Amino acid sequence: MLIEDYADRVNRLAYTYVKSWQSAEDITQEVFISCYKNLDSFRSESSYKTWIFKITVNKCKDYLKSKWYKSIVPIEFGWSLIPGSKTSPEEDVINKNKHYTLSKNVMSLPAKYREIIILYYYEDLNIAEISNLTSINLDTVKTRLRRAKALLRKKYEGVDENGE
């Protein structure tokens, strides 16, 4: 049940951190293994969604700190946060798609802003949930959300409706 309900969302969230679909899939598997190992210790202080996302964020941060990750250069750049879309713009001519442009701009944000945008807009978490999930002060979450939106706005200045 948890896998059916959250696998795609966990995979997307992991991808926003590691920028590799293969690594995101590995992390997704690790997340659900951890969930099932620790399901009996779930205290219902938060929703399953928040609990699973917290595990995902922690697994991603562990991955990014690992010596293995630091020794490689990620060569895959995902072109979209749209589920199931793992192809390059050359293959699907996605670059004219507004979703592509938005995904690309979100993925180009610094990690601390990208994380907040993804959790707030893509995962529909409120600011308090994000603060709890990331262990970041509530006011800091608000500030990062405001700054992330400003950075995105700046990326769209002077861009017409066709993305040119």
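Is there a residue being at pLDDT below 55, outside any loop (DSSP other than H, G, I, E, B) and open to solvent by less than 50 Å² (accessible area, probe 1.4 Å) anywhere in the stretch 103-118?
The answer is no, given that none of the residues of the stretch 103-118 is at pLDDT below 55, outside any loop (DSSP other than H, G, I, E, B) and open to solvent by less than 50 Å² (accessible area, probe 1.4 Å).
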Members of the stretch 119-143 found to be assigned to a helix (DSSP H, G or I) and over 18 Å from Lys61 (Cα atoms), listed by number: Tyr120, Tyr121, Tyr122, Ile127, Ala128, Glu129, Leu138, Asp139, Thr140, Lys142, Thr143
Criterion violated by Asn38 - all others in (1) in contact (Cβ under 8 Å) with a residue 12 or more places away in the chain; (2) farther than 19 Å from Tyr122 by Cβ satisfied: (1)
Scope the stretch 1-38; condition assigned to a helix (DSSP H, G or I), open to solvent by 10 Å² or more (accessible area, probe 1.4 Å) and of a type in the set (S, T, N, Q); matching residues: Asn11, Gln22, Ser23, Thr28, Gln29, Ser34, Asn38
The stretch 125-139 - residue that is closer than 12 Å to Lys49 by Cα and in contact (Cβ under 8 Å) with a residue 60 or more places away in the chain and, of those, surrounded by the fewest Cβ atoms within 10 Å (Cβ to Cβ): Glu129
Members of the stretch 34-83 found to be more than 23 Å from Ile118 (Cβ to Cβ) and modelled with pLDDT of 80 or more, listed by number: Tyr36, Lys37, Asn38, Leu39, Asp40, Ser41
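Of the residues that sit in the stretch 39-68 and are of a type outside the set (A, V, I, L, M, F, W, C) and part of a loop (DSSP other than H, G, I, E, B), which one is surrounded by the most Cβ atoms within 10 Å (Cβ to Cβ)? Can you show your working first?
Of the residues in the stretch 39-68, the ones of a type outside the set (A, V, I, L, M, F, W, C) are 40-41, 43-50, 54, 56, 58-59, 61-63, 65-67.
Still in the list and also part of a loop (DSSP other than H, G, I, E, B): 43-47, 66.
Working: Arg43: 6, Ser44: 7, Glu45: 8, Ser46: 15, Ser47: 11, Ser66: 10.
The residue in question is Ser46.
The values are calculated or read from the model by the stated rules, or taken from the named source; none is laboratory data. Keep in mind that this is a model prediction, so the values were computed, not measured. Glycine also receives a Cβ, built like all others from the backbone with ideal geometry; neighbour counts cover every protein chain displayed. Only protein heavy atoms, including side chains, enter the accessible area calculation; ligands, DNA and RNA are left aside. Shrake-Rupley method; radii C 1.70, N 1.55, O 1.52, S 1.80 Å.
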